[in-house]
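For reference, the structure is listed below as structure tokens.
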Amino acid sequence: MKRHLISAADLTRDDAILVLDTAEEMARVADRPIKKLPTLRGRTVVNLFFEDSTRTRISFEAAAKRLSADVINFSAKGSSVSKGESLKDTALTLEAMGADAVVIRHGSSGAPHRLATSGWIGGSVVNAGDGTHEHPTQALLDAFTMRRHLAGAKDGGPTFHRGPGDGSGRDLAGRRITIVGDILHSRVARSNVHLLNTLGAQVTLVAPPTLLPIGVDTWPCDVSYDLDAVLAKSDAVMMLRVQSERMNAAFFPTEREYSRRYGLDGGRMAALPEHAIVMHPGPMNRGMEITAEVADSERCTVVEQVANGVSIRMAVLYLLLGGNEPAIATAAPAARTEENHQS
Amino acid sequence: MAEDRSTSARPVLEAPDMARVLTRIAHEIVERAKGADDVVLLGIPTRGVFLARRLADKLADITGRKVPVGSLDITMYRDDLRLHPARALARTDIPGDGVDGRLVILVDDVLFSGRTIRAALDALNDIGRPRAVQLAVLVDRGHRELPIRADYVGKNLPTSLRETVKVHLTEEDGRDTVLLGVREGSPADE
């Protein structure tokens, strides 16, 4: 039984749909005058952030607070970690303070797994992004956004930009999702490939060969080097940021050439099917992977994804902490993709 | 939840009785609310929602006006959350005009410990401030654990704690009936 959310690959289809459906109800709380539920009163959620992150941290913080949990924010900068404390000692400190859940963001892939399996802490561990490995709550909020737009109409079809619908109970069977950009350094891409595959969608990764991880052929998705060839067959296009801060080599000749071959501009957006949406996990680099025209269009769901993030994180915290045992029970972990790119 | 296997389950309220009981409750609501102009019906999922919709139809027949009807999920307000795994949530759907200043009538299938209604009152508190809150139930089986009573009762059913009361509705279970059975094994919450 799972007490933690480490990898999107650990979620079964039923688990994933339970999280999405729960998030659908959580989203409705945001429309009320009192946006607060008493459900996690007396529980403590620690945000343990070893890496800079604004939107993920405040998203988890807002989610925990809306469920009435106590939130402790711990960022590595200016903390005992900068004085040389190890992950283990930090974990033991948090355990002594009675943390019921630890939301961890770490620059090293596998840190949340280590925290969850070492026996250092008794609470739940939620992976909020580890290195270039996974970011499962981002994948869940992306799937939630896709479901509302691509399966949100009453008949289960796309909503054609008439606002998000309610896709409760549905999966993403048959939807074609294209993820474009820096797959190599992207934890978002990896988590999305696993989760979307679980939900029945067909994923195509588009990137220059240098920005694809080794072993991508074992991932449950297709790979293409030609963005224009797949656009017309995409229900959603997810543009990823080129993570120059993680790059220690030259992966493409110039930014201009990257932008021309793999960036999404108005012309390429016009090649998409009428109902298709444009997604971005943020932060966006306007002019690089996405033009301002596309970013500001009605098809672009960036702002909505942020709002959905709070609902998804409320759902995850509720399902992990709301009862006497987590509701997300999974059997043996599915085949995870290993990380093995050159560094 | 499914108590059907208990061999001794016997019906205590059949479909025609249920229809009559709901008609009577609707008339009582109109009488006590002096025309029911400001009534909002909120059903507690799952079966309370179907009962609320049926009551709304009957009220519309009597008064000639549409009565707002919605649902109020109480899962997140339960006092026994930590005794079970986290439960799946049901839909909360408040009619467009809200509940402020209105007469809210909560509708549920079985009134037992009263804890569900306590949770519903808490949930309602976060949604708005009704003029008054009343409670309509199909069956009151007694054994209250909180100072809560129903304003409209379909059928008072004196039971022992060993017995189970199970409401079946056409919308959810294919037929209308209330079954009284004997509990086997662990006590379940009704």
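The values are calculated or read from the model by the stated rules, or taken from the named source; none is laboratory data. Quick caveat: nothing in here was measured; it's all calculated off a predicted structure. Positions of Cβ are backbone-derived with ideal geometry, glycine not excepted, and every protein chain shown enters the neighbour counts.
Say we look at the stretch B:104-125 and pick out the residues that are among the acidic types (Asp, Glu) and crowded, with 17+ Cβ neighbours inside 10 Å; which of these is nearest to the chain's Cα centre (by Cα)? Checked the stretch B:104-125; the qualifying residue nearest to the chain's Cα centre (by Cα) is B:Asp108.
Pairs only if they're at least six apart or on different chains, beta carbon under 7 angstrom, first in the stretch B:38-55 and under 21 Å from B:Arg78 (Cα atoms), second among the hydroxyl-bearing types (Ser, Thr, Tyr); list them, first residue then second. Within 7 Å, the pairs are B:Leu42/B:Ser71; B:Gly43/B:Ser71; B:Ile44/B:Thr116; B:Pro45/B:Ser71; B:Val49/B:Ser71. Got at least one residue in the stretch B:104-124 being among the β-branched types (Val, Ile, Thr), within 13 Å of chain A (Cβ to nearest Cβ) and farther than 20 Å from B:Leu169 by Cα? The answer is no, given that none of the residues of the stretch B:104-124 is among the β-branched types (Val, Ile, Thr), within 13 Å of chain A (Cβ to nearest Cβ) and farther than 20 Å from B:Leu169 by Cα. Restricting attention to the stretch A:224-263, and to residues there that are among the hydrophobic types (A, V, I, L, M, F, W, C) and within 20 Å of the chain's Cα centre (by Cα), which single residue is farthest from A:Val294 (Cα to Cα)? It comes out as A:Val242. Scanning the stretch A:182-200 for residues that are under 9 Å from the mean Cα position of the chain (by Cα) and not small (Gly, Ala, Ser) yields A:Arg187, A:Val188, A:Asn192.
Please tell me if A:Pro136 is buried (at least 24 other Cβ atoms within 10 Å of the Cβ) and touching a strand residue (DSSP E or B) at 6+ places or on another chain (Cβ under 9 Å). Here the answer is yes, as A:Pro136 does meet what is asked. Of all the residues in the stretch A:116-157, those that are closer than 11 Å to A:Leu5 by Cβ and assigned to a loop (DSSP other than H, G, I, E, B) number 1.
Of the numbered criteria (1) part of a loop (DSSP other than H, G, I, E, B); (2) within 18 Å of the chain's Cα centre (by Cα); (3) more than 19 Å from B:Glu28 (Cβ to Cβ); (4) not acidic (Asp, Glu), the one B:Gly101 fails is (2). For the residues B:Val133, B:Val153, B:Val137, the requirement of being over 29 Å from A:Gly167 (Cβ atoms), buried (at least 22 other Cβ atoms within 10 Å of the Cβ) and among the β-branched types (Val, Ile, Thr) singles out B:Val137. Are any of the residues in the stretch A:209-227 touching a Ser or Thr at 6+ places or on another chain (Cβ under 9 Å) and on the phi > 0 side of the Ramachandran plot? Checking the stretch A:209-227: at least one residue is touching a Ser or Thr at 6+ places or on another chain (Cβ under 9 Å) and on the phi > 0 side of the Ramachandran plot.
Residue-wise test of (1) touching a Cys at 6+ places or on another chain (Cβ under 8 Å); (2) more than 27 Å from A:Glu325 (Cα to Cα); (3) outside any loop (DSSP other than H, G, I, E, B).
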residue: B:Asp57; (1), (2), (3): no, yes, yes
residue: B:Asp61; (1), (2), (3): no, yes, yes
residue: B:Val67; (1), (2), (3): no, yes, no
residue: B:Arg118; (1), (2), (3): no, no, yes
residue: B:Asp122; (1), (2), (3): no, no, yes
residue: B:Ile127; (1), (2), (3): no, yes, no
residue: B:Val133; (1), (2), (3): no, yes, yes
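Being more than 14 Å from every other protein chain (Cβ to nearest Cβ), in a strand (DSSP E or B), within 18 Å of B:Leu180 (Cα to Cα) and small (Gly, Ala, Ser) holds for only one residue in B:Gly154, B:Gly142, and it is B:Gly154. Within the stretch B:133-146, residues that are under 15 Å from B:Leu51 (Cα atoms) and among the polar types (S, T, N, Q) reach no partner that is crowded, with 19+ Cβ neighbours inside 10 Å and at pLDDT below 95 with beta carbons closer than 6 Å at six or more positions or on different chains.
From the list A:Arg55, A:Arg13, A:Arg3, the one residue that fits, being within 14 Å of chain B (Cβ to nearest Cβ) and either of a type in the set (D, E, K, R) or in contact with a strand residue (DSSP E or B) (Cβ under 7 Å, 6 or more places away or on another chain) (or both), is A:Arg3. Among the residues of the stretch B:75-98, those that are assigned to a loop (DSSP other than H, G, I, E, B), within 11 Å of chain A (Cβ to nearest Cβ) and under 19 Å from B:Leu135 (Cβ atoms) comprise B:Arg78, B:Asp79, B:Ala90, B:Thr92, B:Ile94. With respect to (1) assigned by TED's automatic domain parsing to the domain that holds A:Phe49; (2) under 25 Å from A:Ala236 (Cβ atoms); (3) aromatic (Phe, Trp, Tyr), the lone exception for A:Trp120 is condition (2).
Just so you know, in the stretch A:197-207 the residues that are assigned to a loop (DSSP other than H, G, I, E, B) and touching a Lys or Arg at 6+ places or on another chain (Cβ under 7 Å) include one that is nearest to A:Gly263 (Cα to Cα), and it is A:Ala201. Note on the stretch A:269-325: residues that are farther than 17 Å from A:Met26 by Cα, more than 20 Å from the chain's Cα centre (by Cα) and either within 14 Å of chain B (Cβ to nearest Cβ) or in contact (Cβ under 8 Å) with a residue 60 or more places away in the chain (or both) amount to 5.
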